[in-house]
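Q: Encoded as structure tokens, here's the structure I'll be asking about.
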Amino acid sequence: MQPSAPSSPSGAPSPETPASPAAPRFDERLTVPGSWWVIVGLLALSGGLIMFPFGTVPLLGGLIAAGVAAGVAASSYGSARIRVVAGSLVAGDARVPVSALGAVEVLDEEEARAWRTHKADPRAFMLLRSYVPRAVRIVVTDPADPTPYLYLSSRDPEGLAAAVEAVRAEG
């Protein structure tokens, strides 16, 4: 995902909108990969096959019910969002002012795996998705907050780091 840039109705970037504090500097949705939707289809088929011995109508009901349940679960899990907007970093349910954040470290696949496993601190806030191999680690500098750092999976960790640094430079 690329950071979203606000645009005018004609599609051309508007010169006055990037200066707006409410315009997102970075916006990424951690959607599930396409292969997960194949699994959703297979689960729907399984629901239909389970109901097959009871007739055509129960077969269709099982197909629809299992498909909807699996689709809602996949969509819900993939709805996690990371945004840098209005001087804050919003990751999932967490909203942290950029002024309370320290160094931003872009993690490659190997480092991200290490910070998810043996280097992880149980007090850290982690918005991770196993299907997103890269991440950022952002130190929390607020002394009143017991959270040592934020671990955020991202398909564009460089863009996220740049957005946080840009907001910090403005403030």
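Q: By the scheme Lys and Arg +1, Asp and Glu -1, what is the net charge of all other residues having a beta-carbon under 15 Å from that of Asp108?
A: Numbers: positive: Arg113, Arg116, Lys119, Arg134, Arg137, Arg155; negative: Glu105, Glu109, Glu110, Glu111, Asp156, Glu158.
Overall, the nearby charge balance is 0.
Q: Over the chain, with a Gaussian network built from C-alpha contacts below 10 Å, which listed residue (Leu101, Leu60, Leu150) shows the highest mean-square fluctuation?
A: Leu60
Q: Let me ask something else. Assign unit charges at the C-beta atoms only (+1 for Lys and Arg, -1 for Asp and Glu), then state the dipole size of the chain relative to its Cα centre in Debye, rounded to the nearest 20.
A: Result for the chain is approximately 420 debye, rounded to the nearest 20.
Q: Normalised by the number of residues in the chain, what is the relative contact order in percent for Cα pairs under 8 Å and 6+ residues apart? If you can, show how the numbers build up before the last one.
A: Values: 294 pairs, mean separation 34.8, N = 171.
So the answer I get is 20 percent.
Q: Could I ask something else about it? Near the amide H of Ala135, under 5 Å away, which other amide H atoms are found, from residues 5 or more places off or on another chain, if H is placed in the peptide plane?
A: Leu107, Ser154
Q: In whole Å, how far is the Cα centre of region 42-110 from that of region 131-163?
A: Cα centroid to Cα centroid, the span is 21 Å.
Q: With every protein chain kept in place and ligands, DNA and RNA left out, what is the accessible area per residue of the chain? Probe 1.4 Å, answer in Å².
A: Computed with neighbouring chains in place, this is 55 Å² per residue.
Q: I want to check the label-to-label distance for Ala169 and Ser130. Put each point 7 Å from Cα in the C-beta direction and report it in nm to one decimal.
A: With each label placed 7 Å out from Cα toward Cβ, I get 3.9 nm.
Q: Let me ask you something else. Could you sort Val132, Val106 by their accessible area in this structure, using a 1.4 Å probe and putting the largest first?
A: Val106, Val132
Q: Within region 32-171, what whole-number % of the accessible surface is contributed by carbon and sulfur, with the 1.4 Å probe and all protein chains included in the calculation?
A: 64 percent
Q: Would you work out which of Gly87, Thr31, Val68 lies farthest towards the positive end of the dipole of the chain? Charges go on Cβ: Lys and Arg +1, Asp and Glu -1.
A: Val68
Q: Calculate how steeply helix 157-170 sits against the longest principal axis of the alpha-carbon atoms of the chain, using the helix alpha-carbon long axis, and give the answer as 0 to 90 degrees to the nearest 10.
A: 40 degrees
Q: Which ³J(HN,Hα) values, rounded to whole Hz and listed in residue order, are derived for region 109-119 from phi using the Karplus coefficients 6.51, -1.76 and 1.60 in 6.51 cos²θ - 1.76 cosθ + 1.60 with θ = phi - 60°, glycine and proline given as x?
A: Ordered by residue, 3J(HN,Hα) equals 4, 5, 5, 4, 4, 5, 6, 7, 10, 6, 8 Hz.
Q: Okay, moving on. Please report the relative contact order for region 53-112, taking Cα pairs under 8 Å with a sequence separation of at least 6, and give it as a percent rounded to a whole number. Present the calculation step by step, with values, prior to reporting the outcome.
A: Numbers: 26 pairs, mean separation 8.6, N = 60.
Relative contact order for region 53-112 comes out at 14 percent.
Q: Read phi for every residue in region 75-84 and hand back ³J(HN,Hα) as whole Hz from Karplus 6.51 cos²θ - 1.76 cosθ + 1.60, θ = phi - 60°, with x for Gly and Pro.
A: The phi angles translate into 5, 5, 5, x, 8, 4, 10, 10, 9, 10 Hz.
Q: Another question about this same structure. Mind checking the full-extension length gain between Thr147 and Phe52? Use 0.36 nm per residue of separation minus the Cα-Cα distance, one decimal, nm.
A: Answer, rounded to one decimal: 29.1 nm.
Q: Near the amide H of Val85, under 5 Å away, which other amide H atoms are found, from residues 5 or more places off or on another chain, if H is placed in the peptide plane?
A: Result for Val85 returns Arg25, Val90.
Q: Also, quick follow-up: Projected onto the charge dipole of the chain (+1 at Lys/Arg Cβ, -1 at Asp/Glu Cβ, origin at the Cα centre), which of Tyr131, Thr56, Pro157 gives the Cα projection farthest towards the positive end?
A: Positive-most Cα among the choices belongs to Thr56.
The values are calculated or read from the model by the stated rules, or taken from the named source; none is laboratory data. Just so it is clear, the structure is predicted and the values come from calculations on it, not from any experiment. Backbone-built Cβ (ideal geometry, glycine too); neighbour counts: all protein chains shown. These accessible areas exclude ligands, DNA and RNA; they are computed on the full protein's heavy atoms, side chains included. Shrake-Rupley method; radii C 1.70, N 1.55, O 1.52, S 1.80 Å.
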